[in-house]
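The values are calculated or read from the model by the stated rules, or taken from the named source; none is laboratory data. This is a predicted model, so every value here is computed, not measured. So basically every Cβ, Gly included, is an ideal-geometry build from the backbone, and we count neighbours across all protein chains shown. Surface accessibility is based on the protein's heavy atoms, side chains included, excluding ligands, DNA and RNA. Shrake-Rupley method; radii C 1.70, N 1.55, O 1.52, S 1.80 Å.
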2 protein chains.
Amino acid sequence: MEIRTFEPKERCGLVVVITGYGKGKTTSAMGMALRAAGHGMKTCIIQFMKGDLYSGEWDGVKKLGGLVELTATGKGFCGIEGNPYSHAEHRKNAQDAVALAHDKIASGRFDLLILDEINNALHLNLVDLDQVHALLHKRPAPLHLVLTGRDAHPEIIDRADTASEVREIKHAYRKGIEPQPGVDF
Amino acid sequence: MEIRTFEPKERCGLVVVITGYGKGKTTSAMGMALRAAGHGMKTCIIQFMKGDLYSGEWDGVKKLGGLVELTATGKGFCGIEGNPYSHAEHRKNAQDAVALAHDKIASGRFDLLILDEINNALHLNLVDLDQVHALLHKRPAPLHLVLTGRDAHPEIIDRADTASEVREIKHAYRKGIEPQPGVDF
């Protein structure tokens, strides 16, 4: 059997939104980084609200031959029990992440930019709707832009080419199973 | 800010089902492989119904330092327009994939086993419900087992610890944009 290689008549950057309350949003974005690396494409991942708690993808992407750059800009999830930082402190970090995203877009070095949890950051008022619109506006046509996180704003979904809602059918933690490395983080 | 590392009190293998019609099922499974590699865990991916058409994850996983093994066993999607193979031919390949999955489980070499599109293969009668139950039964407790594909069988969802339905809100192909490397394949 011959293996075929598909090449679209026209290459164009896509805006992809992955939202919903189920497992598989960040995970899906990481899968796109892996897939892009297979094509030799370069990915930049900026994680909003993450940075306080180790996750396997941080070392996973380092193995991809320098094709993926990941920055976790946050102090943990805003509003989560036990998180000691104020809303203003979370917002400061998210604002820095937006500035970083502008820099990475301007650099022209990437084929895929993943703004992980930005939907959630917008919902929690750590970034403003206008700021996300501005990032979308600045995106050059060939750049893929992936926005993950629950509670995606309807206007951002409107601007997406592809949008998925990951719905939770069930989750292990509801029966008392703690998060497991490799699957959950 | 100190980075914390979470370690569950008890490690246990999870059964994860990712189903639905939206984008982000296989992609999510690939993200788990990447994340697991970051933890130094070993992953085996067996793709049902895929193998005729190049996808970026094939080369992406090769970059992960030998931690991920991927076999695409199929002849393309059964029933898709233009696919020249008979149902019996597709079924033969899927049956070989089930046998391979048993071998990989028996080898004890893996922490994570991804059966990509097996839900779909079951729905299309390329594998039998009893065969999927048998794989779940054979799974040793520490092994994570991920089953992707649309139309997951309710009995398989019942046996899952975590299950997500990826619902399509919109998809670029509906407005005539062809699949793009790095994002769609």
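For this structure, a couple of remarks:
- For the Cα trace of the protein assembly as shown, dividing Rg by the Kirkwood Rh returns an Rg/Rh value of 0.95.
- At R0 = 30 Å, FRET efficiency that the Cβ-Cβ distance of residue B:87 and residue B:136 yields, to 0.05: 0.75
- For the protein assembly as shown, a simple Cβ point-charge model (Lys and Arg +1, Asp and Glu -1, everything else neutral) yields a dipole of about 320 debye relative to the Cα centre.
- The B and A chains share an interface that buries close to 6700 Å² of accessible area, total over both sides, probe 1.4 Å.
- Accessible area in square angstrom per residue, region B:15-167, 1.4 angstrom probe: 36 Å²
- Residues within the reach of a label modelled at residue B:3 (point 7 angstrom out along Cα to beta-carbon, backbone nitrogen below 17 Å), restricted to region A:102-118, are A:116.
- Entries in A:62/B:50; A:23/A:104; A:42/A:63 that, when Cα-Cα distance is taken, lie over 25 Å: A:62/B:50; A:23/A:104
- A Cβ-based charge dipole, computed about the Cα centre of chain B with Lys and Arg at +1 and Asp and Glu at -1, lands at about 320 debye.
- If you look at the Cα atoms of region B:15-167, you get an Rg and a Dmax of 14.3, 41 Å.
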